[in-house]
Amino acid sequence: MKYWKKLFFRRTKFFLVFVSLFFSFEFVFTSVAHENSESTANDITGGDFTLNSPDGPLSLQDLRGSVVLLFFGYTSCPNVCPISLATISNVLAEMSPAELEKTRTLFISLDPERDNLELLKKYTNYFHPNIVGLTDEISVLKKVAARYGIKYERSLKPESTLGYVISHSSDIIIVDPGGIVRKTFPHDTDTAPLLKELKLLLRVTTL
């Protein structure tokens, strides 16, 4: 009996050490992967646009002097959009009041049929007051999405609650205070590299 108890405790101890090492490695690997998955914005045309916000028409030009994060999605998106906006919210929470004054996030809906301005305001406010929801007619949204390298497709899914899903590019796009696209980050990026990039752009602005 003593032999089996010793064997059991030895195996249990080994298992716990293995699990601990596995998750430590997984954490380090994921963090590195996130930092290495940043992408450049060379293939994005960019440029000014005007869309409808809950407080009236808003253009990118109106935000000159601020660092702007762009993210395209829709409020019924089951996972990608909430993850992205939660990441952005966490980044904004790490910024000072002065930095927040010079930072804005625009959440551009690709689902104008459902995402009216009232719904967009409730949805974005859930994450952070610095996140503004925008929408317009689908023809206008297509042009803006194309200029920022966003590909999306609406597919009918009769078995789903919505009746359709929208597959879309999920990069977080960083626009500098001069209106130039500087960099893109994957939607599941770690907060550290994203925060670092924003602070760098804000620092350059104040010099």
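Every number in this text was worked out from the coordinates using simple rules, so none of it is lab data. Bear in mind the structure is a predicted one, so any value in this text is a computation, not a measurement. Note that each Cβ is placed from the backbone with ideal geometry, even for glycine, and that neighbours are counted across all protein chains shown.
Which residues, counting only those in segment 63-99, are under 19 Å from Arg182 (Cβ atoms), more than 14 Å from the chain's Cα centre (by Cα) and in a helix (DSSP H, G or I)?
The answer is Leu63, Glu99.
Thr161 passes all but one of (1) in a strand (DSSP E or B); (2) without any contact (Cβ under 8 Å) to a residue 60 or more places away in the chain; which number fails?
Going through (1) in a strand (DSSP E or B); (2) without any contact (Cβ under 8 Å) to a residue 60 or more places away in the chain one by one, Thr161 breaks only (1).
Considering Glu153, Glu159, which residue is surrounded by fewer than 18 Cβ atoms within 10 Å (Cβ to Cβ) and closer than 22 Å to Ser109 by Cα?
Glu153
Considering every residue within segment 115-123, establish whether at least one is among the aromatic types (Phe, Trp, Tyr), assigned to a helix (DSSP H, G or I) and within 26 Å of Arg154 (Cβ to Cβ). Quick ask: steps written out before the conclusion?
Taking segment 115-123 and keeping what is among the aromatic types (Phe, Trp, Tyr), we get 123.
When the remaining residues are screened for being assigned to a helix (DSSP H, G or I), the result is 123.
With within 26 Å of Arg154 (Cβ to Cβ) added as a condition, the list becomes 123.
Yes, there is a match, as at least one residue in segment 115-123 is among the aromatic types (Phe, Trp, Tyr), assigned to a helix (DSSP H, G or I) and within 26 Å of Arg154 (Cβ to Cβ).
Within segment 176-194, does at least one residue satisfy the condition of being β-branched (Val, Ile, Thr) and surrounded by fewer than 20 Cβ atoms within 10 Å (Cβ to Cβ)?
First, pick out the residues of segment 176-194 that are β-branched (Val, Ile, Thr): 180-181, 184, 189, 191.
Then drop every residue that is not surrounded by fewer than 20 Cβ atoms within 10 Å (Cβ to Cβ), which leaves 180, 191.
Yes, that holds for at least one residue.
Go through (1) under 19 Å from Leu63 (Cβ atoms); (2) touching a residue at least 12 places away in the same chain (Cβ under 8 Å) one by one and return the number of the condition Glu137 breaks.
(1)
Among the residues of segment 94-104, is there at least one that is surrounded by 15 or more Cβ atoms within 10 Å (Cβ to Cβ), closer than 16 Å to Asn52 by Cα and in contact (Cβ under 8 Å) with a residue 40 or more places away in the chain?
yes
Can you name the residue in segment 105-141 that is basic (Lys, Arg) and surrounded by 13 or more Cβ atoms within 10 Å (Cβ to Cβ) and, of all such residues, is nearest to Asp55 (Cα to Cα)? Talk me through it step by step, then tell me what you get.
Within segment 105-141, the first condition is being basic (Lys, Arg), and the residues that meet it are 114, 121-122.
With surrounded by 13 or more Cβ atoms within 10 Å (Cβ to Cβ) added as a condition, the list becomes 114, 121.
Numbers: Arg114: 18, Lys121: 9 Å.
My answer is Lys121.
Can you tell me which residue among Ile150, Ile173 is in a loop (DSSP other than H, G, I, E, B), among the hydrophobic types (A, V, I, L, M, F, W, C) and within 16 Å of the chain's Cα centre (by Cα)?
Ile150
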